[in-house]
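The block underneath contains the structure these notes are about, expressed in structure tokens.
The values are calculated or read from the model by the stated rules, or taken from the named source; none is laboratory data. Here the structure is a predicted model, which means the values were calculated and not measured. Glycine gets a Cβ as well: all are built from the backbone with ideal geometry, and neighbour counts include every protein chain shown. For the accessible areas, the whole protein counts, side chains as well, though only heavy atoms, and no ligand, DNA or RNA atoms are used. Shrake-Rupley method; radii C 1.70, N 1.55, O 1.52, S 1.80 Å.
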Amino acid sequence: MDSPPSEGESSTSQGESSPSQGESSPSRTVSRSSMMESIRSYGLSRLAGIKIDTDELRRRLLMPQYLRFAMLDSITKKDVDGGDQHFPSSGSADVPCPESPVIVFINPRSGGRNGPVLKERLQKLISEEQVLDLEDVKPHEFVRYGLACIEKWANDGDFCAKEIRQNIRIVVAGGDGTVGWVLGCLGELNQNGREPVPPVAIIPLGTGNDLSRSFGWGGSYPFTWKSGIKKALHRASVGPVSNLDSWHVVVQMPGGEVADPPHSLKAAEECSLDKTLETEGDLPDKVNYYEGVFYNYFSIGMDAKVAYGFHHFRNEKPHLAQGPLANKIIYSGYSCSQGWFLTTCTSDPSLRGLKNILKMHVKKVNSTEWEQIPVPKSVRAVVALNLHNYGSGRNPWGNLKPKYLEKRGFVEARSDDGLLEIFGLKEGWHASFVMTELISAKHIAQAASIRMEIRGGEWKEAFMQMDGEPWKQPICNDYSTFVEINRVPFQSVLVNGE
């Protein structure tokens, strides 16, 4: 389970003198310094000096064998009854129950080449059955079959199954998109009255990790910290929980379809828009719908275009995107190459401000009426933000003073207040200053609901994204495409890492 030695720990080459006894070599010093910096950026750094007993931790997390096997068989067979043969005929009254059972979902594609290594460590520390590879087991399969299997036996009087269903927690090892995917599938439990919904903890393996940062799990996982996994699982099992708003997105488009939509955006039979806001102009003969849920942000414009290019590059050449640092370098390159910095807004129709294609209405705090909000002509990306963190830990909305809040009719932003903060980014230089927090973004509104109307003009497509998952949205000049965002009635539950 020990991690391989880092570059700074290699032996000195021939012809170089080794440090004398009692001295530290520069390479070792740099390695230790780098590791400590990595640990400090991780949300559990304050647990660094606390020793976690491996056997005690495993006792608290490990589910009984018969339940582990029954759960996994139910998932594999896609049948709630698929694991019945594993349940003891004499009951489970004498079987010890874990205090804090966990199920881990891991995205092996996240974290560069370290994802599979982390998966192996987690399986050794807990069990193979409780660590689910998202390439093999999808979150909805766990909810509909694995968790349902435990619920079934809990309802039939199995004491251990009842305790586990009541206390189970979920750990997601992946990026923001992976966390959102799992949260969305767990939302089925609320819809179907299957409470309690398991709280979710995070091991951050993505590039931005803004959800992770917002709930105290840090911006990156320190793979060189040997006891980091134990600290993470300990905190996941005992940490307090907080609520998080989630937001339902409906896309109504005139015929056609979204090519290669992200897994967070699904085609739907029909989704009605709020009829209290009338649509202008004729409707097409055929209308298609897509819907999804986001937890951190929705955006339209240049930032989504850059994200779209980056994601396609990473999928085509995964060997060049081997970790957060490499990803950020590639991402920066795309920001420059897509015209955000070097092309003026008026030189090409595809790069003009969003005002040319976008009309926006909102419902403000404590209001049931729609109000049209002008889109500033200089804005090239509009973001609706739910958390304080965006773009790898930045706070583009800013920490606003009470006088300014009162003047603009805003309230202090929180992740569970039922409001989204809408801001704009101008050209790349403005976005750069916002991302370095030298200035705040262009404040547009706070809203409990949002309706965006997009009509093409000379544009043939718009770029959108939810929680870092981008797509290319077809648009046309004859009919409008609508995007409506409303808060989901049920809140998600996350474990605090701090």
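What the table shows:
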{"item": "Residue in the stretch 105-115 that is in contact with an Asp or Glu (Cβ under 8 Å, 6 or more places away or on another chain), assigned by the TED database to the domain that holds Val95, among the β-branched types (Val, Ile, Thr) and more than 15 Å from Ala70 (Cα to Cα) present", "result": "yes"}
{"item": "Index of the failed condition, Gly292 passing every other in (1) open to solvent by less than 20 Å² (accessible area, probe 1.4 Å); (2) within 21 Å of Trp370 (Cβ to Cβ); (3) in contact with a Ser or Thr (Cβ under 9 Å, 6 or more places away or on another chain)", "result": "(2)"}
{"item": "Residue count, the stretch 293-304 (criterion: in a strand (DSSP E or B) and out of contact with any His (no Cβ under 8 Å at 6 or more places or on another chain))", "result": "6"}
{"item": "Unmet requirement for Asn167, which otherwise passes all of (1) closer than 17 Å to Asp467 by Cα; (2) at pLDDT 95 or above; (3) out of contact with any strand residue (DSSP E or B) (no Cβ under 8 Å at 6 or more places or on another chain)", "result": "(1)"}
{"item": "The one condition in (1) surrounded by 17 or more Cβ atoms within 10 Å (Cβ to Cβ); (2) in a loop (DSSP other than H, G, I, E, B) that Pro96 fails to fulfil", "result": "(1)"}
{"item": "Phe433 vs. criteria of a type in the set (Phe, Trp, Tyr) and at pLDDT below 90", "result": "yes"}
{"item": "Selection status of Ala445, surrounded by 18 or more Cβ atoms within 10 Å (Cβ to Cβ) and in a strand (DSSP E or B)", "result": "yes"}
{"item": "Hey, Leu67 open to solvent by less than 10 Å² (accessible area, probe 1.4 Å) and assigned to a strand (DSSP E or B) or not", "result": "no"}
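Rundown of residues vs (1) open to solvent by less than 20 Å² (accessible area, probe 1.4 Å); (2) in a loop (DSSP other than H, G, I, E, B); (3) at pLDDT 85 or above, yes/no style:
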| site | (1), (2), (3) |
| --- | --- |
| Lys359 | no, no, yes |
| Val362 | yes, no, yes |
| Pro376 | no, yes, yes |
| Ala384 | yes, no, yes |
| Leu387 | yes, yes, yes |
| Arg414 | no, yes, yes |
